[in-house]
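Beneath this line is the structure, given in structure tokens, with notes to follow.
The values are calculated or read from the model by the stated rules, or taken from the named source; none is laboratory data. Owing to the predicted nature of the structure, the values given are computational and were not obtained by experimental measurement. Virtual Cβ from ideal backbone geometry, glycine too; neighbours counted across all protein chains shown. Just so you know, the surface numbers come from the protein's heavy atoms only, side chains and all, with ligands and any DNA or RNA stripped out. Shrake-Rupley method; radii C 1.70, N 1.55, O 1.52, S 1.80 Å.
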Amino acid sequence: MIELRGVSKKFSVFTVVDDVSFAVRPGEVLGYLGPNGAGKTTTIRMLAGLLEPTRGEILFEGRDIRRDLVAFKKRLGYVPEQAEIYPHLSAGDYLTMVGRLRRLPERLLRDRIAGFMDIFGLRHDMDSPLSAYSKGMRQKVLIAAALLHDPDILLLDEPLSGLDVTTGLVIRDLIRKLAAENKIIIYSSHVLEVTEQVCSRIIILHRGRIVANDSVANLRTLMHLPSLAEIFSQLVVHEDTALAAERIVKTMKGGG
């Protein structure tokens, strides 16, 4: 189990994550949602050990991850929101570097890289520099890098970004299969339809604080709303979206 207890993060005088507590158990897929600026990515980066909380603690199997961050990261796979990737390397070289840092045996590493590149349709582009890749192609490489060492915990921050529809469906089914293997999965996305399909529980964050923490079914019942999109809108969207769209159209056609 991975657990956050009273976790807050400040940058200067701004509190980005404010007293967040939750736990995720093996086999559970937690959807972590919120509008831009809500604190989702900051939370994910703290869970990945890339940022240190200003206050509170993050526990894995009952121990603070900071007590042995290297051991914790060995069991972690992370797909970041922004593709932090070396553009001059080829996909094959990049995944080889990641696998060696993970201390995977060379033969196993070669087999896994070839397998991922084949599944993702990148076998013929393995030797091309990542700078020549499209956003979707780079995203496939990031997903492969996160899965190379068969991690126990997966942090997925906008994993479908740039992916084609077919690969998006593959990732959806992959998340379900990994959950069935008792992986701990935290899934942050703006694609509410997929989140509703794959997540066993939803947390909605607004201005750094949790405003909902329950299954989609329970949230529907409690709020008398039919979909996650409408629940999300009710909890965090404080703007008449139809009116905003109408104003945009008027602005497009106005002036001059």
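Of ASN218, LEU163, VAL191, which is farthest on the positive side of the dipole of the range 125-239, counting Cα position, with +1 on Lys and Arg Cβ, -1 on Asp and Glu Cβ, and the Cα centre as origin?
ASN218
Please compute the modelled spin-label separation between LEU147 and ALA229, points set 7 Å along Cα→Cβ, answer in nm with one decimal.
2.7
Can you show me the helix-derived [θ] at 222 nm for the chain, built from DSSP H runs with n ≥ 4 at -39,500 (n - 2.57) apiece and divided by the number of residues, rounded to the nearest 500.
Details: 10 runs with 105 residues, N = 256.
After summing the helix terms and dividing by the residues of the chain, the value is -12000 deg cm²/dmol.
Whole-Hz Karplus ³J(HN,Hα) for the range 130-143, in order, using 6.51 cos²θ - 1.76 cosθ + 1.60 and θ = phi - 60°, x for Gly and Pro?
The phi angles translate into 4, 5, 8, 7, 6, 4, x, 5, 5, 5, 4, 5, 4, 5 Hz.
Within the set LYS140/LYS250; LYS135/LYS183; LYS40/LYS74; LYS40/LYS183; LYS74/LYS177, which residue pairs have Cα atoms separated by over 30 Å?
Violating the 30 Å Cα-Cα cut-off are LYS140/LYS250.
Let me see the pair-distance distribution of the range 68-107: every alpha carbon pair, 10 Å bin width, integer percents in order.
Percent of Cα pairs in each bin: 23, 49, 27, 1.
Percent of accessible area on the range 1-104 owned by carbon and sulfur, 1.4 Å probe?
48
Select from ALA83, SER233, ASN36 the residue farthest towards the positive end of the dipole of the chain; place +1 on Cβ of Lys and Arg, -1 on Cβ of Asp and Glu, and compute about the Cα centre.
Checking the options against the dipole of the chain, the answer is ALA83.
May I ask you to give the solvent-accessible area per residue for the chain, in square angstrom, as obtained with a 1.4 angstrom probe?
On the way: 13490 Å² over 256 residues.
So the chain comes to 53 Å² accessible per residue, rounded to a whole number.
Packing-wise, with mean Cβ within 10 Å as the measure, how do 136-149, 17-30 rank, highest first?
By packing density, highest mean first, the sequence is 136-149, 17-30.
Distances over 22 Å make up what percent of all Cα-Cα pairs in the range 1-113?
Working: 2790 of 6328 pairs.
Value for the range 1-113: 44 percent of Cα pairs lie more than 22 Å apart.
For ASP214 and SER200 in the same chain, what is the full-extension length gain: residue separation times 0.36 nm, less their Cα-Cα distance, in nm?
4.2 nm
Between 0 and 90 degrees, rounded to the nearest ten: what's the tilt of helix 106-119 against the longest Cα principal axis of the chain?
50
Under the Karplus relation 6.51 cos²θ - 1.76 cosθ + 1.60, θ = phi - 60°, what is the ordered set of whole-Hz ³J(HN,Hα) values for the range 180-191, x standing for Gly and Pro?
5, 8, 6, 6, 8, 10, 10, 10, 10, 7, 8, 7
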